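Beneath this line is the structure, given in structure tokens, with notes to follow.
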Amino acid sequence: MKDFYTMGIETSCDDSSVAILKNDREVLCNLISSQIDIHKIFGGVVPEIASRKHLEAINPLIEKALMDTGLSYDDIDLISVTKGPGLIGSLLVGISAAKALSLSTNTPMIGTNHMQGHICANYLSNKKLKPPFISLVVSGGHTYLVRVDDYTDYEIIGQTRDDAAGESYDKVARAIGLGYPGGPKIDKLSKEGDKEAIDFPRVMLEKDSYDFSFSGLKTSVLNYLNQKSQKNEEINKADVAASFQEAVVDVLVAKSMRLLDETGLKTLAVSGGVAANSRLKERLKEECDKRDIRFYNPDIILCTDNAAMIAMAGYLNYKAGERSDSYLKVYPNLGL
Ligand code: KG4
Ligand code: ZN
């Protein structure tokens, strides 16, 4: 049977990425052009700069992906592009590139949900993973507990009511002067700190709720820092980082385990940028082992934003019969 090649295009935030997927789960290339160096000067993503940088990067990335894989435009069977959620100007660059490519080469195109992409990243790293399973999706913009019943069938069981998990990492990192993006920096610094040094709150919400709330925890860290500086007391940044991280991880782990216990499902797959967090992976693995639950996480490069996961999700949707046409729009606030 002829091989099927999907080109993924991802420009929802501050990473421009183009990938090529062969058939079901084989990543031939996954090119990522990061904009971190410019955004970190401003302490976070500047949307206007992000779209301009995507515009500069996208065509060279498409050409490089074809060159690296030895494929030509004619070999591509499907273009999968992120349609949302994300920054409107950034999304528009990816969608416009995909439309131009699709129209000029007569290749089918599909608009893909970025959050579904994060879940699908797990299929690329773990060839044996198949639904049903519970997915904990923790990124810079979203925090979801999802029941994945089939490859294109999802049900959101819980989500954040305010800050996303990654957002709280970024905000706390900024408050203790670690810079952007904060997640990897807090992860690293926490290894030198005492996670029991400060008792930050674990916000569980109502007894039966699978929703999350991280803004109170962030405020609590800010109050702690203010009090310390008012009293002219020294702040141990590593202790703050480790104690904050433990509070986030405790909540994510507790809710995931409760959902696994309640549904009886025997597989957990974590994904999104915060899935790169070493402490979160360690704790989830420990708790899953205790319950005889299979635990999956993507390779680090597939945790944060990348086009391979968008190609994977688009391929699954296409095989399920979904198509987009040249009127495809962007959906900055798209849910899962
Ligand atoms: O999924 P992603 O690349 O972008 C969004 O779709 O939002 O996630 C980025 C988020 C940022 O908030 C970043 O600080 C966080 O993931 N992150 C981490 C780690 N690596 C990235 N958070 C905690 N620990 C990490 N090692
Ligand atoms: Zn993302």
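Does GLY84 fit the bill of being within 16 Å of ligand 2 (Cβ to nearest atom) and farther than 21 Å from ALA276 by Cβ? So GLY84 fits the description; yes. Among residues of region 270-307 being in contact with a Lys or Arg (Cβ under 9 Å, 6 or more places away or on another chain) and of a type in the set (A, V, I, L, M), the one that is farthest from ligand 2 (Cβ to nearest atom) is ILE293. Scanning region 173-185 for residues that are buried (at least 20 other Cβ atoms within 10 Å of the Cβ) and within 6 Å of ligand 1 (Cβ to nearest atom) turns up PRO181, GLY182, GLY183.
Is it fair to say GLY216 is of a type outside the set (A, V, I, L, M) and closer than 21 Å to GLU155 by Cα?
no
Residues in region 210-240 that are within 10 Å of ILE198 (Cβ to Cβ) and under 26 Å from the mean Cα position of the chain (by Cα): SER220, VAL221, VAL240. Among the residues examined, GLY193 qualifies as over 25 Å from HIS39 (Cβ atoms), assigned to a loop (DSSP other than H, G, I, E, B), in contact with a Lys or Arg (Cβ under 8 Å, 6 or more places away or on another chain) and within 16 Å of ligand 1 (Cβ to nearest atom).
FYI, it's all coordinate maths here, none of it is from the lab. For clarity, every value in this text was computed on a predicted model and none was experimentally measured. Positions of Cβ are backbone-derived with ideal geometry, glycine not excepted, and every protein chain shown enters the neighbour counts.
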